[in-house]
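Structure, as structure tokens:
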Amino acid sequence: MKQPLFTGTGVALVTPFRKQQETVDFSKLETLIETIINNGVDYIVALGTTSEAATMTANELLAVKDFIVEAVAGRCPIMLGLGGNNTLNVTDIIARTSFDGISGILSVAPYYNKPNQRGLLQHYRIVSEASPVPVIIYNVPGRTGVNIIAETTLTLAAECPNIIGIKEASGNLQQVMELLRKRPDGFRIISGDDALTYPMMALGADGVISVMANALPKEMSQMVRYALKGEHKKALALHYRMLPLMNALFDEGNPTGIKALLEIEGQIANSLRLPLVKASKPLYNKLSTLYNEFRS
């Protein structure tokens, strides 16, 4: 039986840049897409936080989005990162976007403005009405400065049929449990934190949008599949095998760690755009050591 849309393992796809010109390396991006699809991920998230979308030009964003759609070629769903702190601008971008090949959008909570819960409710209601595809809320208070509380999410889930889930990256398991306890049928609760994926799925969550799956798509997808099947002993064993590497990935922020790890694997150049910088030598060496231990 086919599993529901945006259940299982989604990968928050990185954008490979060339070392010197800092232009998008579409050849490496294509290879990365092939690798993650062939290793079992359930869907791809294009132009999310991990993609460094915030430092790409409008032309680059369009080119990367169109390239991903063409490279995926319908083999798995694509979720498009599309959010912002200006509600009218978000709806304008939605109106100008082609959603051919796009199955849904991931819309981050408005950042910097620090809206209250009433403002968040109104923002997402408008985004939901404007979007021709399903919407996944993205709650990441460590980046946005505002937490979408469980009551707000549940209100949106009840009122807006086009809002079908939330990527929860608050790190607050009490809040996650409140969502899981009261959510309507079919409303997805998706982990936004690799290291909390298994604990959240043991509580009843539906999967993860994973940074780690760029480098370990097979293992991350397998852990999630085990958890979905209730094979918790196998899922937990994989969780603990990956945990040291998962934690180290975020020592200096994201995507700093994952780009270093992908270079260690020989997949892409370790190139980021300012204000992000490469992993320090101690972190690079730590990731290399942990990766070699994982593979041994």
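Tally up the residues in segment 1-20 that are closer than 14 Å to Ser103 by Cβ, among the polar types (S, T, N, Q) and not in a loop (DSSP other than H, G, I, E, B), please.
0
Restricting attention to segment 230-281, and to residues there that are over 19 Å from the mean Cα position of the chain (by Cα) and on the phi > 0 side of the Ramachandran plot, which single residue is surrounded by the fewest Cβ atoms within 10 Å (Cβ to Cβ)?
Among those residues, the one meeting the criterion is Gly266.
For Val64, which of the numbered conditions (1) touching a residue at least 60 places away in the same chain (Cβ under 8 Å); (2) farther than 30 Å from Gly204 by Cα fails to hold?
Only one criterion is unmet by Val64, namely (1).
Give the residues of segment 36-59 that are crowded, with 16+ Cβ neighbours inside 10 Å and more than 24 Å from Gly253 (Cβ to Cβ), sorted by residue number.
Residues of segment 36-59 that are crowded, with 16+ Cβ neighbours inside 10 Å, as a first pass: 36-37, 39-53, 56.
Across segment 36-59, the qualifying residues are Ile37, Asn39, Gly40, Asp42, Tyr43.
Conditions (1) surrounded by fewer than 16 Cβ atoms within 10 Å (Cβ to Cβ); (2) assigned to a loop (DSSP other than H, G, I, E, B); (3) hydrophobic (A, V, I, L, M, F, W, C), marked per residue:
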residue	(1), (2), (3)
Asn147	no, yes, no
Thr152	no, no, no
Ser170	no, yes, no
Val176	no, no, yes
Pro184	yes, yes, no
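With respect to Val108, is the statement that it is under 23 Å from Ile136 (Cβ atoms), without any contact (Cβ under 8 Å) to a residue 60 or more places away in the chain and of a type in the set (Val, Ile, Thr) true?
Working: under 23 Å from Ile136 (Cβ atoms): yes; without any contact (Cβ under 8 Å) to a residue 60 or more places away in the chain: yes; of a type in the set (Val, Ile, Thr): yes.
Yes, satisfied.
What helices (runs of 4 or more DSSP H) completely inside segment 21-138 contain at least 1 residues that are basic (Lys, Arg) and either under 21 Å from Ala169 (Cα atoms) or in contact with an Asp or Glu (Cβ under 9 Å, 6 or more places away or on another chain) (or both)?
Numbers: elements: 26-38, 58-72, 87-96, 117-130.
Correct list: 117-130.
None of the figures in this text is laboratory data; all of them are computed from the coordinates on show. This structure is a prediction, so every number in the text was calculated from the model and none was measured. Cβ coordinates were reconstructed from backbone atoms using ideal geometry, including for glycine residues, and neighbour counts include every protein chain displayed.
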